[in-house]
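In what follows, a structure is listed as structure tokens, so that the remarks can point back to it.
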Amino acid sequence: MKIGLLGFGVVGSGVYDIIANGTALELRNIEVKRIISLVVTPGFEHLITKNIDDIVNDDEIELVVEAMGGLHPAYEFVMACINAGKHVVSSNKHLVSNYFTQLNEAAEKNNVQFRYTPSAGGGIPWLSTLKRARRSDEIEQIWGIVNGTTNYILDSMVKDDTDFSVALKEAQRLGYAEADPSADIDGLDTQRKCIISANLAFDVVIDEKDVPAFGIRNITHSDVSYFEKNGWVCKLFANAGRNQDDSVYAYVVPVLLDKFEIEAGVASNYNCITYVGKYVGRSSYIGQGAGKLPTGNSVVQDILDTIFDDASLKREYKKSAVNNAMVAHRYYIKTDSATPELSEIIEKDEGDGRYITKPVSIECIQKTAEGLFEKCPQTFIAEIK
Ligand code: HSE
């Protein structure tokens, strides 16, 4: 099969290397025919073009890998390829979470496959597993670490006493971080992966604006020392699940875990993602959540599934509101500010601007957070598990 690559950055070049150099029998008949890239990498002049029509109008290209990132022109390029009858594999969580319905519907209409396993979990076959799980089981909850960059930062701050900004730079150098790393440290990358996972797990289509996301931008060494004293480890979690009334909750927040929990020991850029099924119980997956070859390998697996598999895993997804009113937790809040909303929910004042709240809903903490961030942008909030 001849394929086209949209994007030749970290993931795109990983896909190319695996296809060009991999020795597995299955890879033998796959060839990268064209690459869309704004930069012409020496040695690839014969493959690189800036013109999407060179791929869209090439009937020999049957499958296109989108690894450009961002919404535009990725959406227009992918739609053009699908409408031209080409299968698409995307690693772009921003695109998949925002255009979930449009892309799936267009693929169905054109009788092609649209796969996106690498868009959440990096090298972990998380989404393909979730899709299989849904065939027989009922997913009750999903949670876990789905962002390699923030896990790398949090781990380095604890283990090597590294400063936040130094650890972030290293995560960028290693190719884990997004082009604009705010998406990682403000929880938006985790939010997108949470949405895609929740859509698959619960047959819904949820909207970014309904999924609150707290990040780790404001965590400091003094927070980390305080957590260590209490036997806690901080990790950034995606959370989603079914409420008792069948509605779905979904949110992103740093969590404070007992140091003996599985996720507390997850190091470096690794992800650890869990689903709880009615029949299978807890099922957790650990692996590299970001990086050139792990994510590239996940793309190649989706290419092989497109070639060898049928498309029998199709489902109907319904547009759905998010209901975060029914999930309650205690929170750690560190802030220089005070608001009436905060006073109402404090259970313990730990001094130095640190508070432990009573159990409150996500909705309540979101409302409290808005007031606090307005007065003190350095506020840090984490859920206590
Ligand atoms: N920036 C992302 C992360 C890349 O750090 O997890 C993989 O999706």
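Some points to look at:
- For the residues 160, 180, 155, the requirement of being within 26 Å of residue 256 (Cβ to Cβ) and surrounded by fewer than 19 Cβ atoms within 10 Å (Cβ to Cβ) singles out 160.
- Subset of the range 139-157 [more than 18 Å from residue 272 (Cα to Cα) and away from the ligand (no atom under 16 Å from the Cβ)]: none
- Check on residue 111, closer than 27 Å to residue 144 by Cβ and out of contact with any helix residue (DSSP H, G or I) (no Cβ under 8 Å at 6 or more places or on another chain): no
- Scan of the range 164-189 for residues that are modelled with pLDDT of 95 or more and either within 8 Å of the ligand (Cβ to nearest atom) or not in a helix (DSSP H, G or I) (or both), ordered by number: 181, 183, 184, 186, 187, 189
- Helices (runs of 4 or more DSSP H) enclosed by the range 40-149 - at least 1 residues per element that are of a type in the set (S, T, N, Q): 74-83, 93-98, 100-109, 126-136
- Filter result for residue 382 (crowded, with 20+ Cβ neighbours inside 10 Å and in a helix (DSSP H, G or I)): no
- None of 341, 261 is in contact with a helix residue (DSSP H, G or I) (Cβ under 8 Å, 6 or more places away or on another chain), away from the ligand (no atom under 16 Å from the Cβ) and within 30 Å of residue 379 (Cβ to Cβ) except 341.
- Evaluation of residue 23 against (1) part of a loop (DSSP other than H, G, I, E, B); (2) at pLDDT 95 or above (one fails), failing number: (2)
- Within the range 325-364, strands (runs of 3 or more DSSP E) holding 3 or more residues that are surrounded by 14 or more Cβ atoms within 10 Å (Cβ to Cβ): 328-334, 354-357
- For the criterion of being of a type in the set (Ser, Thr, Tyr), modelled with pLDDT of 95 or more, surrounded by fewer than 18 Cβ atoms within 10 Å (Cβ to Cβ) and touching a helix residue (DSSP H, G or I) at 6+ places or on another chain (Cβ under 9 Å), residue 270 fails.
- Exactly one residue among 136, 119, 90, 97 is out of contact with any strand residue (DSSP E or B) (no Cβ under 8 Å at 6 or more places or on another chain), within 15 Å of the ligand (Cβ to nearest atom), among the small types (Gly, Ala, Ser) and touching a residue at least 24 places away in the same chain (Cβ under 8 Å), and that residue is 97.
The values are calculated or read from the model by the stated rules, or taken from the named source; none is laboratory data. For clarity, every value in this text was computed on a predicted model and none was experimentally measured. All Cβ positions, glycine included, derive from the backbone under ideal geometry; neighbour counts span all protein chains shown.
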